[in-house]
Structures are given as structure tokens and as C-alpha cells.
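Working notes, beginning with the structure itself.
The values are calculated or read from the model by the stated rules, or taken from the named source; none is laboratory data. Just so it is clear, the model here is predicted, and its values are computed rather than measured. Note: ideal-geometry Cβ built from the backbone for every residue, glycine included; neighbour counts use all protein chains shown.
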Amino acid sequence: MTGRRVIVVGTGLIGTSIALAARGRGAEVLLADRDPGALELAVELGAGDPLPAGAPDRRADVAVLAVPPAAVAVTLLDAQKRGLAAVYTDVASVKALPLEQAAALGCDLASFVGGHPLAGSERSGPSAARADLFLGRPWALCPPPAAAPEAVEAVAALARACGATPVEVEAAEHDRAVALVSHAPHVVSAAVAARLTGADDVALGLSGQGVRDVTRIAASDPRLWIGILSANSAPVADVLEAVATDLAVAASLLRDGSEEAAGHVADLLLRGNAGRSRIPGKHGGEAPAYATVQVVVPDRPGELAMIFQAVGIAQVNIEDVTIEHSPGRPLGLLEISVVPEEAERLAAELRARGWSVPG
């Protein structure tokens with residue numbers, strides 16, 4: 001990216017993260033945002049310099065429109081009228097509707113390539129941005145039929161510079177896919193979390209890692225998500241209706257209370273196991289089976305650092321890690337996922353160094 005100029009319109013989590021990544025690879029980055037506070041913070045974080053008003057002194061190589069789905073088309077039209085860049089892309093998590101709207105407005109689609117980096121966080125805004133947010137993540141490219149090959153390559157090059165893997169996919173297919181793996185799960189998470197608003201102190205005191213895992217993404221900004229769901233409403237509704245059917249059947253069977261009914265509920269749980277196993281592993285492909293080593297962790301400074309140092313001494317690679325806190329106690333349970341043949345060696349190393357390792 002050295003010597004390239006990138007303009008980022010919208011300094012939220014994704015826009016600022018792209019700016020940080022591009023600048024880290026040597027690009028000149030100019031930033032714009034309707035919110036002066038967000039723009040100022042992104043500049044202070046080192047993501048780039050403010051984009052001057054009016055026509056730029058020279059066109060950027062790529063302009064990234066990091067705006068909500070409903071704003072993509074009008075933002076693209078304005079950017080093209082100003083001649084901001086040779087190539088334009090967006091990062092909205094819905095692709096078909098913004099493309100239709102851009103065509104209706106008369107935007108130049110030869111220089112536009114729809115994009116969607118599949119990375120993020122329940123946090124939002126420039127303060128949550130990270131230059132490494134996209135490392136190893138897929139970045140969907142949804143070029144319209146009129147898109148020039150050099151425009152597609154320019155956006156793919158930006159994705160690779162951010163550490164992502166470009167994946168070209170048709171817009172409608174993309175929207176059906178993200179409805180299944182992202183948008184509908186968010187609504188389901190919110191529905192479960194909404195049940196907690198009326199929970200009493202006993203129920204909340206008994207909450208563990210399971211409910212935290214299921215409801216984590218429900219903490220995301222509702223204003224952002226209503227725009228996403230509205231722009232991808234039909235595919236999301238299809239998935240939610242299928243999930244609702246499964247849940248309604250399960251509820252009816254559980255009320256029945258018979259052994260036969262329990263067997264039908266077990267079928268749903270088994271299908272859940274099968275579906276979960278199809279999610280690719282961290283290196284892509286089939287997810288491998290890991291062994292879990294549990295460690296009781298005192299809540300004090302430096303404890304995790306010492307455990308990870310011990311893992312390194314044992315020459316064991318951490319495949320995944322989670323931590324569950326013990327409510328009301330200064331302890332947590334650290335779960336370290338490793339390949340099965342290394343589990344006992346790691347457990348022995350940690351016990352020898354004084355940590356409690358159950359099992």
C-alpha cells in the first residue's frame with residue numbers, strides 16, 4: 001500500500017480499523033465523518049488525516065464508504081460527484097439493496113465493488129477499532145456485472161493489505177448467507193437476552209457462561225442493527241421463521257412431557273450438534289476436536305500472564321481460550337483448548353507450578 005491513497009468515509013469500528021490497517025501498510029489515509037467527534041477521535045488514534053472539503057488535490061486509489069446500508073448509495077453518488085477516488089467500495093453487511101439503490105441513482109457501477117469484511121465486535125465507534133481486526137477473516141466482494149476488473153482487483157488488494165481473504169460472491173447469495181450465519185443469530189441472541197429483563201436476582205445470580213455466550217452479541221448497538229435487518233429483511237425473516245418453528249415444536253413437545261416427546265426434542269439437540277460441527281475451524285475446513293484443560297485462576301494481577309508463560313514452557317499451542325468468572329468469589333475458571341495429545345502434558349506442567357487443574 002506504500003504510495004497509495006485511501007479515503008475512508010465513516011470513522012466507526014470498521015472504517016477506522018480499515019484506516020489503521022491501511023496506514024500501517026504505508027498508505028496515505030484521509031478520513032471523513034458527519035460526526036466531528038468520531039472524526040477527531042479517529043485522527044487522534046492515528047488512523048489518518050481529515051479529508052479537506054471540496055475536490056481533493058488528487059484522486060485516491062480507493063474510497064471506502066463505511067456507512068450503514070441505507071446510506072451507501074447516496075454516499076457513493078456524492079463521492080463520485082466529488083471525484084474522490086478511482087475505485088469505490090463499501091463495508092455494509094447487506095449487498096443487494098444498496099446496489100439496487102446505487103443503480104437507481106445513476107451511480108457509476110464500473111468503479112464500484114460492494115464489500116463486506118466479516119469481522120467486528122459488540123463494541124462500536126472508533127475507540128473499539130484495531131488494525132488487526134481483519135486478520136485471517138473473509139472479506140466478501142460483490143461486484144456488479146458492470147464493475148471493471150481493475151476495480152475488483154483494487155478492492156481485493158485493500159482487503160489483502162488489511163490481512164483478510166477476499167471472497168467473490170454474488171450479492172443476493174451473500175445476503176442469504178449472512179442472514180443465516182450473522183443477522184438471524186443476532187435476533188435470536190437478542191430474544192434470549194430480552195427474557196433477562198424480567199429475571200429476578202436468583203436467576204441472574206445463577207447465570208453462567210452459557211447465557212453469556214448466547215447473549216454476547218445482543219450487547220451491540222440496536223440503531224446499527226435495525227438498519228442492517230431492515231435492509232436484509234426477507235432472508236432474515238426466512239431463517240427466523242424456520243428457527244421459530246423448531247422452537248414452537250420443542251415447546252409443545254416439552255409440555256407433553258412423554259418419553260416419546262423427549263426423543264423428538266433430542267433430535268433437535270442432535271441436529272444442533274451436527275450444525276455446530278460444520279462451522280469451519282480457525283484454519284478453515286473441518287473444525288478439529290480439541291481437549292480442554294481447566295485451570296482455577298485467582299483474580300489477581302499477572303495471573304493469566306504467568307499461566308500463558310507456563311503453557312509456552314510446556315511447548316503447547318493454545319487453540320482457543322475462554323474464562324468464566326465465579327460470581328461473588330475472587331476466582332475464575334480458565335478453559336484452554338489444545339490438541340488432545342498435549343492436554344496431559346499441559347495439565348501436569350500447570351499442577352507442578354501450583355495451579356489447581358480439575359480432572
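Taking the conditions exactly as written (touching a residue at least 40 places away in the same chain (Cβ under 8 Å), under 20 Å from A146 (Cβ atoms) and not in a helix (DSSP H, G or I)), does V67 satisfy them or not?
Answer is no for this residue.
Only residues that are buried (at least 16 other Cβ atoms within 10 Å of the Cβ), closer than 23 Å to A47 by Cβ and either out of contact with any Pro (no Cβ under 9 Å at 6 or more places or on another chain) or among the hydroxyl-bearing types (S, T, Y) (or both): list them for the range 124-157, please.
S124, G125, P126, A128, A129, A131, A154
Criterion first (in contact (Cβ under 8 Å) with a residue 40 or more places away in the chain, of a type outside the set (S, T, Y), in contact with a strand residue (DSSP E or B) (Cβ under 9 Å, 6 or more places away or on another chain) and assigned to a helix (DSSP H, G or I)) does A184 satisfy it?
No; evaluated as a whole, the condition is false for this residue.
Looking at G312, G257, G332, which is the one that is among the small types (G, A, S), within 29 Å of L206 (Cα to Cα) and loosely packed, with under 14 Cβ neighbours inside 10 Å?
G257
Would you say R137 is touching a strand residue (DSSP E or B) at 6+ places or on another chain (Cβ under 9 Å) and modelled with pLDDT under 95?
In short, yes.
Those residues that are among the small types (G, A, S) and under 18 Å from the mean Cα position of the chain (by Cα), I need them from the range 121-159; list them, please.
The answer is S121, S124, G125, S127, A128, A129, A131, G136, A140, A159.
Out of the residues in the range 48-66 that are in contact with a helix residue (DSSP H, G or I) (Cβ under 7 Å, 6 or more places away or on another chain) and charged (D, E, K, R), state the one that is nearest to V155 (Cα to Cα).
D61
Among the residues of the range 44-60, how many are under 17 Å from R130 (Cα atoms) and buried (at least 19 other Cβ atoms within 10 Å of the Cβ)?
2
Filter the range 22-41 down to residues that are farther than 23 Å from A157 by Cα and not charged (D, E, K, R) and give me whichever is surrounded by the most Cβ atoms within 10 Å (Cβ to Cβ).
L39
Within the range 73-89, take every residue that is touching a residue at least 40 places away in the same chain (Cβ under 8 Å) and in a helix (DSSP H, G or I) and give me the one that is nearest to A157 (Cα to Cα).
Among them, the one singled out is A79.
Name the residues in the range 197-212 that are closer than 20 Å to R123 by Cβ and modelled with pLDDT of 90 or more, would you?
Within the range 197-212, just V211 meets the criteria.
Could you tell me which residue of the range 316-329 is modelled with the lowest pLDDT, considering only residues that are surrounded by 13 or more Cβ atoms within 10 Å (Cβ to Cβ) and not polar (S, T, N, Q)?
Out of the qualifying residues, it is H325.
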